[in-house]
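Chemist: Dropping a structure here in structure tokens format, bear with me for questions.
None of the figures in this text is laboratory data; all of them are computed from the coordinates on show. Bear in mind the structure is a predicted one, so any value in this text is a computation, not a measurement. Backbone-built Cβ (ideal geometry, glycine too); neighbour counts: all protein chains shown.
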Amino acid sequence: MPLVHRWDDLKDYYVGLEAGKIKNAASALLAFLTPIVTSSVLSLSHTRQTGKVSFEDIWQIFPPSSVVLTRFYGVDVICRVIKYKKVKCNDNEGWAIEMEFIDWNGETSGWKTTSITIWEYSGYRRVTGLPVFPISFSPEEQKIRGAMIERGRKWASLRGYHFKIVNGTKILLETKEPQQRPVSGKVCIDAYAYYKSCNIVKPSLRPVAAAVSKSDATSDEGENSPEENGPLPSDGFKADFTAVQVDTNSKAKGPADRCEELHDLSDEELLMTTPWMKGFDLKSKSFCELNVSDLHDMQWNDEAFEKLVLPGGEKDLAWTFVENKSQSTSDFDDFVAEKGRGLIILMFGPPGVGKTFTAEAVAEKSRVPLYSMSAGDLGTAPSEVEKALGRALELCRMWNAMLLLDEADVFLGERTNESLARNELVSIFLRELEYYQGILFLTTNRIRSIDNAFQSRVDLFLPYHDLTSEARKQVWENFINRAGRDKFDLAGDSLDKLSMLKLNGREIKNLIKSAQLLSMKESGKVPVERLVLLANKRVEALKELDTDEH
């Protein structure tokens with residue numbers, strides 16, 4: 001009964017009328033309606049006074065267009081009511097509250113619908129204990145509104161493509177059912193890429209400017225259960241229409257083939273934006289929903305490249321290639337259009353000497369994402385490899401990212417008549433790289449077995465060798481400084497002694513971590529003797545392993 005929600009307004013309207021025919025007609029109407037609505041009006045008044053409601057009276061607190069508070073994946077969100085209706089599931093009755101909120105589909109912002117059902121209960125319940133309830137019943141309404149509008153401003157600024165740091169919770173999207181997982185590290189915020197790379201039709205959103213139609217803003221208990229095409233909420237005023245301005249300068253460099261409508265949103269619209277944004281977790285290499293409140297600006301590690309230990313001029317050479325490629329506007333390519341425009345850097349040498357760290361440091365210095373993969377991430381079946389590699393290359397193109405393929409030996413090896421399956425993998429790899437226009441880092445420990453066809457495609461070969469004692473000393477110092485130099489008892493020629501032990505960078509890093517773990521329960525600094533002891537044990541073990549292999 002919509003009149004129940006407007007009863008006070010109707011009586012106020014009657015009082016304000018001048019004497020005459022219209023007021024007489026209104027008086028007759030009120031006299032006719034009063035006995036019909038009195039019971040519901042009194043019940044609603046009681047609910048407002050006590051903050052408690054019975055199941056049968058739930059419809060009274062959800063007038064169309066009212067602002068309600070619920071939760072999406074455990075995070076508070078404000079929605080707007082479209083309609084309510086009685087529903088049944090088996091023998092259970094419930095009230096389905098259909099709502100809408102503002103979402104982003106990678107191209108435009110708009111209204112998206114969702115619903116939640118309040119199932120039958122006995123007696124009275126606190127309105128604020130329901131899985132969805134009018135925000136007007138909250139004693140902290142103004143505080144919640146302010147916080148939601150501020151979060152909405154952040155949400156609006158994240159539309160499009162952005163490279164961010166996250167620390168919080170993510171919702172997995174590439175699983176049968178949404179699952180929550182902890183997340184930390186670098187992420188690419190990009191709903192457009194999610195729908196495009198996953199071959200998912202982006203949802204249609206009702207334009208923000210469109211109001212709830214009169215036909216929708218009703219309660220019809222005879223209709224079917226509302227369609228749920230938004231995230232399911234989990235269990236658990238005067239509008240200020242000051243528009244938020246989108247800072248387009250803060251956006252990361254993305255592709256030029258997008259068509260994004262970044263309309264300004266009013267405070268009332270910002271109030272009802274979803275708290276989640278679709279993004280790509282570079283650590284797990286998967287798309288997910290990310291909580292806007294968990295996202296932070298990138299803190300670039302400018303020291304990474306400076307701390308990179310490489311002999312001769314290899315470090316400067318690598319950076320010069322990458323810098324010139326990033327700034328180049330040359331149309332020089334292969335004789336076939338669009339071929340040969342990428343930059344492929346092959347890094348080869350023993351493990352633990354800085355190959356992977358080189359790619360990471362260059363990406364940090366370039367201020368771009370690094371999409372890092374190993375051969376295992378691509379799979380073994382030709383169809384899996386083609387799909388995974390194609391997706392990685394496409395995402396790197398979309399985000400202007402660099403691609404690192406670690407331990408790529410299986411894709412670089414020379415083709416032979418004895419292994420047709422591996423030959424197919426090499427052929428797929430070569431074909432996919434043919435038209436790639438970005439920067440690709442490859443690492444391998446077996447340079448001599450590289451296929452001739454691939455050798456001709458490499459723009460820069462970077463050889464890596466076992467670390468010299470001077471290089472090892474620098475690596476020891478870098479990792480100790482990163483861990484906190486004041487945590488270690490280093491005196492005199494301690495680093496000189498440690499640098500004489502033939503260890504690679506990865507082994508040195510692990511030794512420092514092990515020494516810290518062993519000293520956690522002890523007060524004071526980590527003694528250098530412990531580092532030396534652990535280092536000697538590792539060297540002895542490596543010698544035995546080397547002896548067993550020969």
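Chemist: Going by how many other Cβ atoms sit within 10 Å of their own, how do Glu98, Glu386, Glu18 line up, fewest first?
Modeler: On the way: Glu98 23, Glu386 18, Glu18 6.
Starting with the residue having the fewest Cβ neighbours, the order is Glu18, Glu386, Glu98.
Chemist: So how many Å³ per residue does the convex hull of the Cα atoms of region 79-155 work out to?
Modeler: Taking the convex hull of the Cα positions in region 79-155, it is 108 Å³ per residue.
Chemist: Can you give the three extents of the C-alpha atoms in region 2-50 along their principal axes, from longest to shortest, in whole Å?
Modeler: Taking the Cα atoms of region 2-50, the three principal extents are 39, 19, 14 Å.
Chemist: First measure r as the distance between the Cβ atoms of Leu460 and Lys52, then evaluate 1/(1 + (r/R0)^6) with R0 = 51 Å and state the FRET efficiency to the nearest 0.05. Write down the numbers at each step before the final one.
Modeler: Details: r = 72 Å, r/R0 = 1.42.
The calculated FRET efficiency here is 0.10.
Chemist: Would you mind putting 263-270, 453-460 in packing order, based on average other-beta-carbon counts within 10 Å, highest first? Intermediate results must be reported in sequence, preceding the final value.
Modeler: Working: 263-270: 19.5, 453-460: 14.4.
Highest mean packing first, the order is 263-270, 453-460.
Chemist: Follow-up. Along the principal axes of its C-alpha atoms, what lengths does region 383-490 span, in descending order and rounded to whole Å?
Modeler: Computed over region 383-490, the largest-to-smallest principal extents equal 57, 34, 24 Å.
Chemist: Using Cβ counts within 10 Å as a stand-in for footprinting exposure, how do Asp190, Asp486 rank, fewest first?
Modeler: On the way: Asp190 28, Asp486 8.
Fewest-to-most Cβ neighbours within 10 Å comes out as Asp486, Asp190.
Chemist: Hand me the chymotrypsin sites (Phe, Trp or Tyr not before Pro) from region 64-169 located in a DSSP loop with no more than 14 other Cβ atoms within 10 Å, in residue order please. Each step should come with its number before you reach the end.
Modeler: Values: sites: Phe72, Tyr73, Tyr84, Trp95, Phe101, Trp104, Trp111, Trp119, Tyr121, Tyr124, Phe137, Trp155, Tyr161, Phe163; in loops: Tyr73, Tyr121, Tyr161.
Hits after loop and neighbour filter: Tyr121.
Chemist: What distance in nm lies between label points placed 7 Å from Cα along the C-beta direction at Lys186 and Phe32?
Modeler: Between Lys186 and Phe32, the simple spin-label model gives 7.1 nm.
Chemist: For region 1-123, what D do you get in µm² per second when you plug the Kirkwood radius from alpha-carbon pairs into Stokes-Einstein at 25 °C and 0.890 mPa s? Walk me through the numbers before you get to the answer.
Modeler: On the way: Rh = 17.1 Å.
Translational diffusion coefficient: 144 µm²/s.
Chemist: What ranking do Arg145, Arg71, Arg485 get, fewest neighbouring Cβ atoms within 10 angstrom at the top? Before the final figure, lay out each step's value.
Modeler: Numbers: Arg145 21, Arg71 18, Arg485 11.
Ranking Arg145, Arg71, Arg485 by Cβ neighbours within 10 Å, fewest first, gives Arg485, Arg71, Arg145.
Chemist: Also, I was wondering about something else. Please express the shape of region 303-463 as an equivalent ellipsoid: the semi-axes are the square roots of 5 times the eigenvalues of the C-alpha gyration tensor, given largest first in whole angstrom. Walk me through the intermediate numbers first.
Modeler: On the way: eigenvalues 116, 71, 46 Å².
Result for region 303-463: semi-axes of 24, 19, 15 Å.
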